[in-house]
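Each remark here refers to the structure printed beneath this line.
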Amino acid sequence: MADEAFRTGRNRLEPTVAGQVGKQLSEVGFINSSLQFAAVFTLGFIPFLMVLSVALGSDLSRAIVIRSGFSARAGQDVAALFTHGRTAPTTLPVLGLVLAVLGGAAISHMIQTWYATIFRADIHGWKAVARRVEWLAGVFGFVALQVVIGRRIQPLGGPVAAASAQFLLALAFWWWSLHCLLSGQIPWRRLFLAGLATAVCYIGLGVYMAYVASSSIVSNEALYGPFGAVMTLLTAEIGLGVALQLGAAIGATAGRGEPDDHRPGRSRPPRSPGRRPAVTFALRMES
């Protein structure tokens, strides 16, 4: 009885937008993908962000942690995980540079795979690699502009102006990220909803980090030391993976506007050579 009710509910939900979004996320395997994303982000992409921090002339706390939504106290606790002593690193060893390259490549490849699966795109070869390199360069600009907003706009315009600028920046970056990593196979107009949904999820994650994760980091760090801060940081990274996949799935479902058989990457069923449209036959009879 319960199984029948479950199947009935699932069949009713499938045609809806929520059902289609859930189907998209299940195809990506978003739970396992988000866990893998957090692991790769911690082991590889954080060194990449540290390289950007050094290049931007600012420590990791200012360029990454505080700009990600953590409070000042939580930002100090998280930044302490990546610095030695009381000062931030001004140079990185060779191993750090290698991890930065590998981590950046792994994260960009992972996100590109998500987008290709959700939008039914076929991306491979040197063009896919070139797009990932281009995206990593875009990440550099994204982080740099976040630092500019925090240093210039917030002191002059206040938190509302800074938040508005951060949202517009996130919208532009994630909209462009979809177009870039999908190798331009999907029109800009169709990608706008996905970029908007991703930006909303990204900003929502920032709110969570500011009001929930920050206090959790402070309390866990006080109770369990650096390990407690790492666990909360991993939770935030899993949330980032979910936000990116959820935003893309919502945008792809809401902005599709065409049957499944006509999606990019899927061929239409061949028409029988012996059949011709009735309108054409009628025209020939009249002639």
>> So if I check each of Ile186, Ile217, which one is within 19 Å of the chain's Cα centre (by Cα), surrounded by 14 or more Cβ atoms within 10 Å (Cβ to Cβ) and in contact (Cβ under 8 Å) with a residue 24 or more places away in the chain?
In response: Ile186
> What are the residue pairs meeting all of these: first residue in the stretch 114-127, first residue over 11 Å from Gln24 (Cα atoms) and assigned to a loop (DSSP other than H, G, I, E, B), second residue modelled with pLDDT of 90 or more and β-branched (Val, Ile, Thr), Cβ atoms under 9 Å, and 6 or more apart or on different chains?
Replying inline: Ala121/Ile186; Ile123/Thr113
> Which residue, of Cys180, Cys201, is touching an Asp or Glu at 6+ places or on another chain (Cβ under 8 Å) and at pLDDT 85 or above?
Replying inline: Cys180
> Exactly one of (1) surrounded by fewer than 21 Cβ atoms within 10 Å (Cβ to Cβ); (2) within 18 Å of Val139 (Cβ to Cβ); (3) hydrophobic (A, V, I, L, M, F, W, C) is unmet by Leu181. Its number?
Replying inline: (1)
>> I'd like to know if the stretch 240-248 contains one or more residues that are surrounded by 14 or more Cβ atoms within 10 Å (Cβ to Cβ) and at pLDDT below 75.
In response: no
> What tally of residues in the stretch 129-144 results from selecting those that are in contact (Cβ under 8 Å) with a residue 40 or more places away in the chain and of a type in the set (Val, Ile, Thr)?
Replying inline: 2
>> Please determine whether any residue of the stretch 190-212 is surrounded by fewer than 17 Cβ atoms within 10 Å (Cβ to Cβ), in a loop (DSSP other than H, G, I, E, B) and over 11 Å from the mean Cα position of the chain (by Cα).
In response: no
> Since Arg132 meets every condition but one in (1) within 20 Å of Phe192 (Cβ to Cβ); (2) within 16 Å of the chain's Cα centre (by Cα), which condition does it not meet?
Replying inline: (1)
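The values are calculated or read from the model by the stated rules, or taken from the named source; none is laboratory data. These numbers come from a predicted model, not from an experiment. Positions of Cβ are backbone-derived with ideal geometry, glycine not excepted, and every protein chain shown enters the neighbour counts.
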